[in-house]
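Colleague: Take this structure, written in structure tokens, and hold onto it; I'll ask about it next.
The values are calculated or read from the model by the stated rules, or taken from the named source; none is laboratory data. Bear in mind the structure is a predicted one, so any value in this text is a computation, not a measurement. Cβ placement follows ideal geometry from the backbone for every residue including glycine, while neighbour counts extend to all protein chains displayed.
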Amino acid sequence: MPTQYHIAFWNLENLFDIENSPRRTDKVARALGKSIKGWTQALLDRKITQLSSIIQQMNLNRGPDLLGICEVENKFVVELLIQSLALLGRNYQVIHSESPDQRGIDVAFIYDENLFKVPLPLEDNVFSHFVLRRTATRDILQVTFQTVAHQRQLVVLGNHWPSRSGGQAESEAYRAMAGETLAYFHQRVLEVKGDTTPVLAMGDFNDEPFNTSLVNYALSQRVPSIVLKGQNPYLLNLMWALMGKGLGTLYFDGPNVLDQFLINKNWLKSTARFRVNPDTANIVKLAPMVDKKGQPIPFGGMGKPVNQNGFSDHFPIEIVITEAD
């Protein structure tokens, strides 16, 4: 019987270490300035509890098999999050990239090591691709995972692209650079690991599926036949099916679908060993995390008012994939 895996991604909205953390560099402390003031152990613990309560309900209360996350300050806070998921009985491990982002926010993966391994040596299978933005960078974290069930490999790229701060148009060029970076390393994966390698990109792209950074630079498409038969290394954007329905992963002047899953043609071929289950690309909107307007309830912090009954300013996204016998 084919093996199914639940894959999710969530921008955790400023999951920072405590105010006076010895794990924070002087550079990041200066960049954060007064915004970190008052971020106590109690608030961090509450934030972890709130996030954990949602993650535990994913995948029919089993938790994700593989979870990509962003806006985490360091590996320490990710490990706190894993500890809070102990009741699931999972063998969760973490792959984290310490990026030189100005505010110190990183991309990471939490995965069940009973289902996935990261082949050794790690330096051949874990890469960080930094997208420069003068004084700040954002990270694309590339990891080769190997399934325990059938020893097959897939390459997963976790993305957190430069934000729209300063204006969408004014910051557009930085996301174009991120899109070009993703496209380049997608092509490199096919050259190095073989042109049949399945590639899954996920993340907070800070642009919508129709924006130039995704379409023209990351080579993201909405039509499977173009991805399958095209000469370029195209990616199929699985979130197009949700567009035009008033849905969003983040709300700013209306719903915005900024968090997305992209797959390459090796998921679509008739010989594909990995497939995305139809219609499983979904925005996770569990009752406690949704306000009366249908929008996510932020936890806040980092200079914004704290709501201890909040979670994140983004909704998570999820898909189910199948590995053939």
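Colleague: Quick check on my filter: what residues within the range 200-228 are in contact with a helix residue (DSSP H, G or I) (Cβ under 8 Å, 6 or more places away or on another chain) and either at pLDDT below 95 or among the polar types (S, T, N, Q) (or both)?
Modeller: ASN206, ASN211, THR212, SER213, ASN216, SER220, GLN221, listed by residue number.
Colleague: Does THR135 count as at pLDDT below 95, hydroxyl-bearing (Ser, Thr, Tyr) and surrounded by fewer than 19 Cβ atoms within 10 Å (Cβ to Cβ)?
Modeller: Values: at pLDDT below 95: yes; hydroxyl-bearing (Ser, Thr, Tyr): yes; surrounded by fewer than 19 Cβ atoms within 10 Å (Cβ to Cβ): yes.
Yes; evaluated as a whole, the condition is true for this residue.
Colleague: Scan ASN256, ASN211, ASN237 and give me the residue that is surrounded by 24 or more Cβ atoms within 10 Å (Cβ to Cβ) and within 20 Å of the chain's Cα centre (by Cα).
Modeller: On the way: ASN256 fails: surrounded by 24 or more Cβ atoms within 10 Å (Cβ to Cβ); ASN211 fails: surrounded by 24 or more Cβ atoms within 10 Å (Cβ to Cβ).
Only one candidate qualifies: ASN237.
Colleague: Follow-up question, since we're still on this one. Quick check on GLY194: is it more than 19 Å from SER97 (Cβ to Cβ) and at pLDDT below 95?
Modeller: no
Colleague: On to the next question. Does ASP253 qualify as being at pLDDT below 95 and not basic (Lys, Arg)?
Modeller: Numbers: at pLDDT below 95: yes; not basic (Lys, Arg): yes.
So ASP253 fits the description; yes.
Colleague: Every residue in the range 259-303 that is under 22 Å from HIS186 (Cβ atoms) and either of a type in the set (D, E, K, R) or more than 20 Å from the chain's Cα centre (by Cα) (or both), please.
Modeller: Answer for the range 259-303, where residues must be under 22 Å from HIS186 (Cβ atoms) and either of a type in the set (D, E, K, R) or more than 20 Å from the chain's Cα centre (by Cα) (or both): ASP259, LYS265, ASN266, LEU268, LYS269, SER270, THR271, ALA272, ARG273, ARG275.
Colleague: Could you please find all residues in the range 11-54 being part of a helix (DSSP H, G or I) and on the phi > 0 side of the Ramachandran plot? Steps first, please.
Modeller: Just the residues of the range 11-54 that are part of a helix (DSSP H, G or I), to begin with: 26-36, 41-54.
The answer is GLY33, and nothing else.
Colleague: Picking from ILE263, ILE283, ILE297, which residue would you name as being in contact with a strand residue (DSSP E or B) (Cβ under 8 Å, 6 or more places away or on another chain), modelled with pLDDT of 95 or more and farther than 24 Å from ASN61 by Cα?
Modeller: None of the others qualify; the one that does is ILE263.
Colleague: Which count do you get for residues in the range 152-202 that are over 15 Å from the mean Cα position of the chain (by Cα) and not in a helix (DSSP H, G or I)?
Modeller: Qualifying residue count, the range 152-202: 12.
Colleague: Here's a follow-up. Within the range 266-280, can you find the residues that are among the β-branched types (Val, Ile, Thr) and in contact with a strand residue (DSSP E or B) (Cβ under 7 Å, 6 or more places away or on another chain)? Before you say what the answer is, go through the steps one by one.
Modeller: Looking only at the range 266-280, we keep the residues that are among the β-branched types (Val, Ile, Thr), and these are 271, 276, 280.
Result: VAL276, THR280.
Colleague: If you don't mind, there's one more thing I want to ask. From GLU98, GLU79, grab the single residue that is of a type in the set (D, E, K, R), touching a strand residue (DSSP E or B) at 6+ places or on another chain (Cβ under 8 Å), in a helix (DSSP H, G or I) and surrounded by fewer than 21 Cβ atoms within 10 Å (Cβ to Cβ).
Modeller: GLU79
Colleague: Right, next: Can you name the condition, by its number, that PHE205 falls short on among (1) more than 28 Å from ASN125 (Cβ to Cβ); (2) touching a residue at least 24 places away in the same chain (Cβ under 8 Å); (3) not charged (D, E, K, R)?
Modeller: (1)
Colleague: Which residue pairs have Cβ atoms closer than 7 Å, lie 6 or more positions apart in sequence or on different chains, and pair a first residue in the range 180-202 that is of a type in the set (Lys, Arg) with a second residue that is assigned to a strand (DSSP E or B)?
Modeller: LYS193/VAL155
Colleague: Exactly one of these conditions fails for PHE274: (1) of a type outside the set (Val, Ile, Thr); (2) at pLDDT 95 or above; (3) buried (at least 17 other Cβ atoms within 10 Å of the Cβ); (4) more than 26 Å from GLN231 (Cβ to Cβ). Give me its number.
Modeller: (4)
Colleague: Tell me yes or no: at least one residue of the range 24-47 is surrounded by 13 or more Cβ atoms within 10 Å (Cβ to Cβ), among the basic types (Lys, Arg), under 21 Å from HIS96 (Cβ atoms) and at pLDDT below 95.
Modeller: Checked against the condition, which is being surrounded by 13 or more Cβ atoms within 10 Å (Cβ to Cβ), among the basic types (Lys, Arg), under 21 Å from HIS96 (Cβ atoms) and at pLDDT below 95, the range 24-47 yields at least one hit.
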